[in-house]
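The values are calculated or read from the model by the stated rules, or taken from the named source; none is laboratory data. Quick caveat, the model's predicted, so the values are computed rather than measured. For neighbour counting, all protein chains shown are included, and Cβ atoms are generated from backbone atoms with ideal geometry for every residue, glycine included.
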Amino acid sequence: MNFPERHTPSHTPLHEAFNQPVIIFLTVCTKNKKPFLANEPVHKLLREAWTIADSWLVGRYVLMPDHLHLFCSPTMNIPVSLMRWVSFWKSHASRHWPNPDHAPVWQTNYWDTQLRKEESYSAKWQYTLENPVRAGLVEQASDWPHQGELHLLNW
């Protein structure tokens, strides 16, 4: 059976299970896939925006030229919605963007997947970490300067 390719994300509600963390794998793209994310001023700005938008914690992340991947987790029992949090930091980053000619910066939507198992976190991180290598930007993932971890998200 063939299913049509999804063109818009579904944004399913958070699923909370007793004694299990909520960790979301998030992908956000630039408007029209413009390649201007992978540089030090933008890297610094995004880290600042994620720190200010403190209702979700950002764990590991990788900035690619035209999109970013990050893992995040809510900081409260009743979290601010993921959509509201993403909108906040995207708006903050856009208002402080180092090059006004890049506006609009972001695609309207984003892709999110809630991780269900610890192995899923490790596997997704390894795949994400290798993105710059697969794109031919570096030979080893550790050479890519536009990656990091703001908070340790324990499974």
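When both residues are 6+ apart or on different chains and their Cβ atoms are under 6 Å apart, which pairs have a first residue that lies in segment 24-53 and is under 15 Å from HIS69 (Cβ atoms), and a second that is charged (D, E, K, R)?
Listed by first residue and then by second, the contacts come to ILE24/ASP112; PHE25/LYS124; LEU26/ASP112; THR30/ASP66; LYS33/ASP66.
Assess whether TYR121 counts as being of a type in the set (Ser, Thr, Tyr), closer than 21 Å to GLN147 by Cα and out of contact with any Pro (no Cβ under 7 Å at 6 or more places or on another chain).
Taking the combined requirement at face value, the residue satisfies it.
Would you be able to tell me the number of residues in segment 1-42 that are assigned to a loop (DSSP other than H, G, I, E, B), among the basic types (Lys, Arg) and at pLDDT 95 or above?
1
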